[in-house]
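First comes the structure, then the notes that go with it.
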Amino acid sequence: ELLGAEQSGQITEVGFALYNDLLNRAVNALRSGHLPEIEFTGAAATEVELGLPALLPEDYVPDVHTRLILYKRLASAPHAAALRDLEVELIDRFGLLPEPARALMAATRLRQKLLPLGIRKLEMGPAGGRFLFGPQPNIDGGALIRLVQSDPKAYKLDGDKAFRFFADCKTLEARVSLVERLLNHLALEREAA
């Protein structure tokens, strides 16, 4: 049911360009005798779970169509400057960001930082979190080992695909600050090596 009437609503959900790209990939795969394999690359390949509601609330952006457009713009922001511009636009149009919208902006900012490091998922909670690495993480393994050795109660390797960190981080600011400190530490270690 790739081209039927049931698919017409999907275009509005994912946007015409993405829908068209997915449809072309699926049709080409089927024509060549393969099952369609749709792999997302880029920011969509990195998940950020801050353990807090991260959304544009209905009472902040009342129009559902406007919210969908803003979500798409957030997801496709190519760099931090574009994200800052979008945040300024949101504040200008709708007022100060409520907590869930602040969390959404923070998650998007972190996603942009995690992606080049090959971290496919960040999971956070009030007591810490973990990084799940992709197949080829772009981080210095030595920096991770030094962190674990420096404080084994605060940092643990979970196999070769995950790194756990423990700290009191009940607020959004504390969670973002912890992750940014870890990423900055790894980046400094990587550049110094």
When you scan the range 116-127, do you find a residue that is in contact (Cβ under 8 Å) with a residue 40 or more places away in the chain, within 21 Å of Thr171 (Cβ to Cβ), surrounded by 16 or more Cβ atoms within 10 Å (Cβ to Cβ) and not charged (D, E, K, R), even just one?
yes
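Conditions (1) assigned to a helix (DSSP H, G or I); (2) over 29 Å from Pro152 (Cβ atoms); (3) open to solvent by 40 Å² or more (accessible area, probe 1.4 Å), marked per residue:
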residue: Leu52; (1), (2), (3): no, no, yes
residue: Pro62; (1), (2), (3): no, yes, yes
residue: Lys72; (1), (2), (3): yes, yes, yes
residue: Arg93; (1), (2), (3): yes, yes, yes
residue: Ala106; (1), (2), (3): yes, no, no
Restricting the range 41-50 to residues that are open to solvent by less than 30 Å² (accessible area, probe 1.4 Å) and modelled with pLDDT of 90 or more, the one farthest from Gly129 (Cα to Cα) turns out to be Val48
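The values are calculated or read from the model by the stated rules, or taken from the named source; none is laboratory data. From a predicted model like this one, the values you see are computed outputs, not experimental measurements. Note: ideal-geometry Cβ built from the backbone for every residue, glycine included; neighbour counts use all protein chains shown. Side chains included, ligands, DNA and RNA excluded: accessible areas come from the protein's heavy atoms. Shrake-Rupley method; radii C 1.70, N 1.55, O 1.52, S 1.80 Å.
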